[in-house]
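Visitor: So that we are looking at the same thing, I have put the structure below in structure tokens.
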Amino acid sequence: MSFTIFLLTFAAQGSALDISSNSTVFAPAGVEITGRVFFGNKNTFDPSKKGAVATVRPTDVYRQIPAYKKIVEDEIEKGSARWNKLMEEATRVFKTAIKKVGKGHYVLIVEEGGISGYPVTDITSRVIDAI
């Protein structure tokens, strides 16, 4: 009878292990991603792997992009064809600079303040330099 209890206990433990190993929740208590993710995938981010995470201030970066500067300087109306064309160019430049800085160095790049409970590095100046 004790052998049966042992087997039932082992089976129950095995089932519990199976359930936890299939879990898609990687973030330990305290790690929360609430901001926009510009590089990487927050759904597959596994903090236990201790990958490097960076933050960026997108507004500061956009202010340095020539196409965005043109929008501001010329006071181009939001939603106009010219505004759309310049914003498309500014966004392309932003994404390219983020990718250039992030690739091979960071598992995630999130907007400033968009992640808590995990160590981050601010890379805003590096992204600006990559423009």
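Values quoted throughout were computed directly from the atomic coordinates according to the rules given, and no laboratory measurement underlies them. Being a predicted model, the structure only gives us computed values, none of them experimental. Virtual Cβ from ideal backbone geometry, glycine too; neighbours counted across all protein chains shown.
Visitor: Look at the range 83-111 and say how many of its residues are under 16 Å from A52 (Cβ atoms) and buried (at least 18 other Cβ atoms within 10 Å of the Cβ).
Guide: Number satisfying all stated conditions: 8.
Visitor: Given the condition closer than 20 Å to T34 by Cβ and of a type in the set (A, V, I, L, M), answer yes or no: does some residue in the range 90-98 qualify?
Guide: Within the range 90-98, one or more residues are closer than 20 Å to T34 by Cβ and of a type in the set (A, V, I, L, M).
Visitor: From the residues in the range 112-131 that are among the β-branched types (V, I, T) and buried (at least 16 other Cβ atoms within 10 Å of the Cβ), which one is farthest from T34 (Cα to Cα)?
Guide: This residue is I128.
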